[in-house]
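Notes to accompany the following structure.
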Amino acid sequence: MTAVVADNRQALAQRLLAGAGSKGVALSELQVERMLEYIELFNKWNKTYNLSAIRDIESQVDRHLLDSLSVAPHIDADHLIDVGTGGGLPGIPLAILYPHKRFTLLDSNGKKARFLFQVKTQLNLDNVQVENRRVEAFQPDEPFDAVISRAFASLKDMTDGCRHLLGDDGVFYAMKGIYPTDELSALEKNYKVSQSYPLQVPREEGERHLLVLTP
């Protein structure tokens, strides 16, 4: 490893540690190493697979890793499915943080699924399962404790399209920007917001929220 590469990796590690620490999220040395390996793979594959419009790796640490980790203190479920995960967000960072929780990453895009298989293999993420299919076609062997996503266009689409994935006491974790008042008004009346958490991501402006919805 050249000195330049080593210095840049150390700077990324400090950026990640400081950002996570500001959210009360403690990362071990191994977790930092795995998250950096993931974001380096993400950055490399992004050049040909268009995983994200964000091209520089420093911003990817903020907008992808730290954005994903911002919800971590509020995740109580043990068996989760990340629907429309794309390049593995927020599923991969959360799976690295919580090795004893189980994560299924679902996306219908074949290229993105191939990337996720590579990440799972290279990082030895035994708690991750990758599913390359559309959500309406996926019938899990056992129901999930929670559906999480930051990719759905609306809360109604999320709840309508993913209800069959949840167990009786399951919840939806919806990562949103501004508080989605209009989207909430379009939900079926049997859904309620059990919790709403404002989120802060270092160096990122704009509102962010995590909504916990229960059927």
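Laboratory data are not the source of any read-out in this text; all were calculated from the coordinates shown. It should be emphasised that the depicted structure is a prediction, and the values quoted were computed from it without experimental measurement. Because the Cβ atoms are built from the backbone with ideal geometry, glycine has one as well, and the counts that use them run over all protein chains shown.
Brief remarks follow.
- Spatial separation of Cα centroids for segment 138-215 and segment 48-117, in angstrom: 16
- Each Cα pair under 8 Å and six or more residues apart adds its separation to the average, and for the chain the resulting relative contact order is 17 percent.
- Exposed-site-free run, longest, the chain (rule: GluC sites (Glu not before Pro); DSSP loop; at most 12 other C-beta within 10 Å): 1-187
- Counted charge near CYS162, where neighbours are those whose Cβ lies closer than 14 Å (Asp, Glu -1; Lys, Arg +1): -3
- Of LYS23/LYS44; LYS111/LYS156; LYS101/LYS192; LYS120/LYS192; LYS112/LYS192; LYS23/LYS192, those spanning more than 30 Å from alpha-carbon to alpha-carbon: LYS120/LYS192; LYS112/LYS192
- Those trypsin sites (Lys or Arg not before Pro) in segment 18-108 that DSSP places in a loop and that have at most 14 other beta carbons within 10 Å: ARG55
- Kirkwood Rh and Cα Rg combined as Rg over Rh, evaluated for the chain: 0.95
- Stretchable slack from ASN190 to HIS164, in nm (0.36 nm times residue separation minus alpha-carbon distance): 7.8 nm
- GNM flexibility winner over the chain from SER108, SER149, SER194 (Cα, springs under 10 Å): SER194
- Computed P(r) (all Cα pairs; segment 39-148; 10 Å bins; percent): 14, 50, 32, 4
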